[in-house]
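The values are calculated or read from the model by the stated rules, or taken from the named source; none is laboratory data. All of these numbers come straight from a predicted model, not from anything done at the bench. A quick note on method: Cβ atoms are made from the backbone with ideal geometry, for glycine too, and the neighbour counts reach across all protein chains shown.
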Amino acid sequence: MQDLPMPATLKYHFWRRVRAAHYAFGLARLPFGRVLERAVGQWERAQGFGDSPKEKATWDAEYGDGRWAYIAQLHENSRYWTIIGYMDAFRGGGEYLDVGCGDGVLFSRFKALGYQRYVGIDISEVAIRQLQCHNDDRTHFAQGDGDVHEPDGLFDVIVFNESLYYLKDPVGSLERYARSLKPGGCIIVSTYTNSRRSLAVLREAKTKLTVVDEAKTSQGSMSWLCTVLKPANAGMA
């Protein structure tokens with residue numbers, strides 16, 4: 001940042017500290033929290049933060065140029081199989097909703113286990129086009145914005161695989177999706193721990209839903225938390 005004019009440098013450091021306080025004290029818990037959340041989000045997008053919400057056109061461009069191809073590589077396999085293990089343990093052969101499914105990195109590994117219904121949505125049309133060849137009477141992939149999508153029916157398991165913190169209202173959306181769980185159903189959230197925003201979102205989510213179980217996977221300097229959540233009024237079984 002040495003080449004920036006002093007006013008821009010001061011502005012950058014001011015907003016960096018505001019962002020840190022916003023996430024340290026909880027999403028929208030500070031005075032004027034929602035206003036602050038929107039302002040922080042705008043600054044994050046302007047700075048190009050990789051863990052902040054993006055517009056559909058940006059996602060389409062990134063999937064189109066292959067930016068997200070790396071997540072299918074071997075070094076991320078351990079976290080995918082942790083998610084899949086929970087999906088199968090909590091309701092093998094059930095009905096699943098994959099919110100922010102991308103180009104199917106989770107589905108490609110899970111499908112061999114079998115399911116009654118698998119629905120995947122993603123904001124990127126480019127990503128979804130690669131999956132629509134799988135659509136049949138049990139499988140449905142469609143373009144949809146996770147912030148406003150209304151699930152069709154109820155599900156045993158709803159998965160957010162590195163997608164929850166990209167939503168503009170992640171915790172509000174999580175509570176809304178929880179209403180689309182079958183009795184005894186659960187939500188699985190995978191969280192990249194090297195992200196200030198993602199950890200803040202997970203911390204806030206844990207105040208709204210009950211944590212059933214959690215596992216951590218690591219690969220080199222990277223690590224992820226896989227958290228199983230249920231509505232606060234649901235049983236633990």
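Quick one: would you say Ser218 is outside any loop (DSSP other than H, G, I, E, B) and modelled with pLDDT under 95? Yes: the conditions hold for Ser218. Where helices (runs of 4 or more DSSP H) fall wholly inside region 66-158, the ranges with 1 or more residues that are closer than 28 Å to Val212 by Cα are 77-91, 107-110.
Answer yes or no as to whether Val119 is of a type outside the set (Asp, Glu) and in contact with a helix residue (DSSP H, G or I) (Cβ under 8 Å, 6 or more places away or on another chain).
Values: of a type outside the set (Asp, Glu): yes; in contact with a helix residue (DSSP H, G or I) (Cβ under 8 Å, 6 or more places away or on another chain): no.
No, not satisfied.
Residue by residue, here is whether (1) buried (at least 23 other Cβ atoms within 10 Å of the Cβ); (2) of a type outside the set (Val, Ile, Thr); (3) in contact (Cβ under 8 Å) with a residue 12 or more places away in the chain; (4) under 26 Å from Asp60 (Cβ atoms) holds:
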| residue | (1), (2), (3), (4) |
| --- | --- |
| Ala142 | no, yes, yes, yes |
| Val148 | no, no, no, yes |
| Asp152 | no, yes, yes, yes |
| Asp156 | no, yes, yes, no |
| Gly185 | no, yes, yes, no |
| Thr191 | yes, no, yes, yes |
| Ser198 | yes, yes, yes, yes |
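Reported count of residues in region 59-74, each being of a type outside the set (Lys, Arg) and over 13 Å from Val105 (Cα atoms), is 7. Scan region 188-231 for residues that are on the phi > 0 side of the Ramachandran plot and charged (D, E, K, R) and the total you get is 0.
Taking the criterion of being small (Gly, Ala, Ser) and under 24 Å from Leu229 (Cα atoms), the residues of region 89-140 that qualify are Ala89, Gly92, Gly93, Gly94, Gly100, Gly102, Gly104, Ser108, Gly114, Gly120.
Just one of the numbered conditions (1) over 19 Å from the mean Cα position of the chain (by Cα); (2) buried (at least 18 other Cβ atoms within 10 Å of the Cβ) is not true of Gly64: (2).
Could you tell me which of the residues Leu202, Leu181, Leu174, Leu164 is surrounded by 15 or more Cβ atoms within 10 Å (Cβ to Cβ) and over 20 Å from Tyr118 (Cα atoms)? Quick ask: steps written out before the conclusion?
Numbers: Leu181 fails: over 20 Å from Tyr118 (Cα atoms); Leu174 fails: over 20 Å from Tyr118 (Cα atoms); Leu164 fails: over 20 Å from Tyr118 (Cα atoms).
Checking each option against the conditions leaves just Leu202.
In this structure, does Gly94 turn out to be outside the structural domain of Leu167 (by TED's automatic domain parsing), farther than 24 Å from Met222 by Cα, over 19 Å from the mean Cα position of the chain (by Cα) and modelled with pLDDT of 80 or more?
Working: outside the structural domain of Leu167 (by TED's automatic domain parsing): no; farther than 24 Å from Met222 by Cα: yes; over 19 Å from the mean Cα position of the chain (by Cα): yes; modelled with pLDDT of 80 or more: yes.
Considered against the rule, which asks whether it is outside the structural domain of Leu167 (by TED's automatic domain parsing), farther than 24 Å from Met222 by Cα, over 19 Å from the mean Cα position of the chain (by Cα) and modelled with pLDDT of 80 or more, Gly94 comes out as no.
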